[in-house]
Amino acid sequence: MIHSSRLTFHESRFTFHASRITHHVSRFNMRERKEPIPAAAVAFVRDAEQGIEVYLSRRPAHFRYYPDAFVFPGGRVDSDDADIRATAAREVREEIGIEIDTDRLVLLRNINTSAHAGPVYHMQTFAYPVVGDFITTPNVEEVEEEIWITAREAVRLDLPYQIRAAIFTIAKFESVARLLEALHEGSIDEDYWF
């Protein structure tokens, strides 16, 4: 009889723990099933003697995600944005004070970011060819520093993975024209091992 009561006790404990595990798993799955947040970034590119240069801005140290990191201007979709290209244009205007022609945006990468780095974003990174002057007015709340750097040099910086992957892709081409020609076939969404 004692053995039987122990079994019942253990069964009830098992049932309790199993329900906690089921509850935990279902909460985890609900988080995992959330749709990625749409976002856009713009990789400004221009030809230089040493190869393609990219424009990067450094995030402030107080930012929660990627503090002090060099990134492309960009961010998440707002409810007022007509589409993802409008998001790209708005973010560029807000961060560095440049008006862009959304028709000149060329999709470079179309990926989901990793959950370990914060919220999961459906990130569309666009290449944008720059010819002539590029005069910015950085928003001091969002930009600590800005640089033009060759893609080959930039891959050596400590960059967030998706920025590094986009720059690594850009560095494969000897000119902006060749990059845009390749992107005419579609975005280059390769994963790289750095």
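Points worth noting:
- When T125, T137, T169 are checked against the criterion of being β-branched (V, I, T), surrounded by fewer than 18 Cβ atoms within 10 Å (Cβ to Cβ) and assigned by TED's automatic domain parsing to the domain that holds R93, T137 stands alone in meeting it.
- Scanning segment 114-142 for residues that are farther than 16 Å from D189 by Cβ and in contact with a strand residue (DSSP E or B) (Cβ under 8 Å, 6 or more places away or on another chain) yields a total of 9.
- Those residues of segment 89-124 which are charged (D, E, K, R) and in contact (Cβ under 8 Å) with a residue 40 or more places away in the chain, in sequence order: E91, E94, E95, R109
- For first residues located in segment 178-191 and exposed (fewer than 11 other Cβ atoms within 10 Å of the Cβ), partners that are not in a helix (DSSP H, G or I) and lie 6+ apart or on another chain with Cβ distances below 8 Å form the pairs H184/V106; G186/L107.
- For segment 134-161, the tally of residues that are part of a helix (DSSP H, G or I), within 19 Å of G74 (Cβ to Cβ) and touching a residue at least 60 places away in the same chain (Cβ under 8 Å) stands at 2.
- Qualifying residue in segment 101-110 (condition: closer than 19 Å to L180 by Cα, under 16 Å from the mean Cα position of the chain (by Cα) and at pLDDT below 95): no
The values are calculated or read from the model by the stated rules, or taken from the named source; none is laboratory data. What you see is a predicted model, and the numbers here were worked out from it, not measured in a lab. Using ideal geometry, Cβ is built from the backbone for each residue, glycine included, and neighbour counts are taken over all protein chains shown.
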